[in-house]
Structures are given as C-alpha cells and as structure tokens.
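Notes for the one structure printed next.
The values are calculated or read from the model by the stated rules, or taken from the named source; none is laboratory data. Nothing here was measured: the structure is a model prediction, and the numbers come from that model. Virtual Cβ from ideal backbone geometry, glycine too; neighbours counted across all protein chains shown.
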C-alpha cells in the first residue's frame, strides 16, 4: 500500500489492517498512551474544497502522531494559478513526507501519485471518499462486532459517497443495497463490479432497499459545488429520506450513519438523526482514528 487513492485499490486484508490499527490507536488515545509514530514527519494538506472534519481530523491526527501538518489552499499554491500538477507533485515531494488532497477531479489525485515520490491520500474527490468510508466501516464493526451477514443500505444521491460505500461494503462481505432516483445512480463501472463480486442491488424503491437492513446510511441531496441544482435535486430526491417508515422495514436494531453535515428534514428526519446521534458522532470521531491508521501505514 503506497497511496490511498480509492478503496478499489485496497484488498479486504488491507482494509482490515487499517481498521485493526485504527482500533489500537483509538484505544491508546482514550487511555492517554502516546503514539508518536510520525515524529519529525510533515503532511501537506491541499484543500481545493473546504472542510470541517477532514481538515481538523488530519491536522489533529498528525499532531497526536508527533508530526506536523501544513494547510495549503488554492490561494497558497501555484497550482491555483496554473502550475501543472506534475510539477507541484515533484516539488512538494522534496519538502514533505506525504500529501492529503481534497479536490474535484480524481485525475488530480492520480496525477499527484504518478509524478510525486511520497504517499498521496485522497481526502475527497467528486468520484470517491475513501477516508470517510474507512471511518464508516470502523464504526459499523464497533457497533455490530463483525461484517458477516450484514445488509448495508444507502439512500440518496449516487455520488462519491455511494461509490466508495458500495466498494467498502462489498469488500467487507456485506450485502449492499442502494436507493436513488434513476437519473442519479452511482458510477456504472462500480455497480458492474459490485454485481460481479457480491450481493448488490440498485433501485429507486427506498423501502425495498431498506428492508431488513442492519445499517442505513444517507448523505445530503446537493453536495458541495451543486448548490445551483438545489431546487432540481429537492424535487428529484423527494421521498429519498431516512424516516420512521424506512426504519420500520429495517432490522429492529439497525444503526444509522451520516457522513455530515446533515440537512435535517431533507435526507434524514430530526427524530431519526437524534435517536442515532451516538452512532453518527462516533462515526465522525472515527475519521480521526481511521485516518491516523492510514497515515501510519503510509508514512510510518
């Protein structure tokens, strides 16, 4: 494992190794046991999309691991003024020990890995969000103890979250159901891979997807950069909400996850979110621990 560009690049064992290390680091963190695995190391964090959880968790994670993190926005780098990614990658590789980038195009992340000589971590692209899904898998295992026999259901936009969740669920052996409008389906190649490698359905019927689910997951209807589509999306996603009706067809002990930020009464009701707040905010916390495990694996 040289980089974290997308979950598809990782084997089931790679993911399990990250989750096991994340559990260990979380335990040590809770008990005040220092783990300075990255002492003297520096992570560059390139942000072309703003963030709450990604920035704070990576910056805090590097501090707890004994290293340093540099926040680099478009305004801080020549990449924002037209310097090619290939040149940026080669220059930053001379200064840093790793790069985390949160951007739009997946190609930008792949190009950094191709031309740079240090580990590259995908902090989010329009195509996928592997760091978030590692935290999600960590949380599911904390609450359910195992992935075996579980049914995972995602309700909402077939976006970067759906793409990565499908891969994560199937690689860990869960059944996977996606409920989304026909015009907002996940990436066709990922769906084809899922059909060939696990139990997978994609439907526009929310209740069908959620039936007997052990884990329910949703995301906002309009992601960052889609604000001008808000009215169109509100119409398209009407009914694609995790609410009492959906909870009623899922398993009685089903857990609910949300990558946040949440728009209450849109993709999820206030009632369901608050009833499952422990799971959702444990999930948010686990971004810190899962990402620390990735940092140690790649930069340690």
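For residue 213, all conditions in the list (1) within 20 Å of residue 12 (Cβ to Cβ); (2) in a loop (DSSP other than H, G, I, E, B) hold save one; what is the number of the exception?
(1)
Just to be sure, is residue 19 part of a helix (DSSP H, G or I), surrounded by 12 or more Cβ atoms within 10 Å (Cβ to Cβ) and not assigned by TED's automatic domain parsing to the domain that holds residue 165?
Yes.
For residues that are in a loop (DSSP other than H, G, I, E, B) and in contact (Cβ under 8 Å) with a residue 60 or more places away in the chain, scanning just region 224-250, find the one that is farthest from residue 48 (Cα to Cα).
So, considering only residues that are in a loop (DSSP other than H, G, I, E, B) and in contact (Cβ under 8 Å) with a residue 60 or more places away in the chain, the one farthest from residue 48 (Cα to Cα) is 250.
Could you name every one of the strands (runs of 3 or more DSSP E) located completely within region 88-173 that has at least 2 residues being at pLDDT 95 or above, closer than 28 Å to residue 266 by Cα and within 16 Å of the chain's Cα centre (by Cα)?
Output list reads 120-124, 151-155.
Let me spell it out: the conditions are (1) more than 15 Å from residue 130 (Cα to Cα); (2) touching a strand residue (DSSP E or B) at 6+ places or on another chain (Cβ under 8 Å); (3) assigned to a helix (DSSP H, G or I), and residue 46 meets all of them except one. Which number is the exception?
Only one criterion is unmet by residue 46, namely (3).
Within region 117-133, track down each residue that is closer than 15 Å to residue 96 by Cβ and out of contact with any strand residue (DSSP E or B) (no Cβ under 9 Å at 6 or more places or on another chain).
Scanning region 117-133 gives a single hit, 117.
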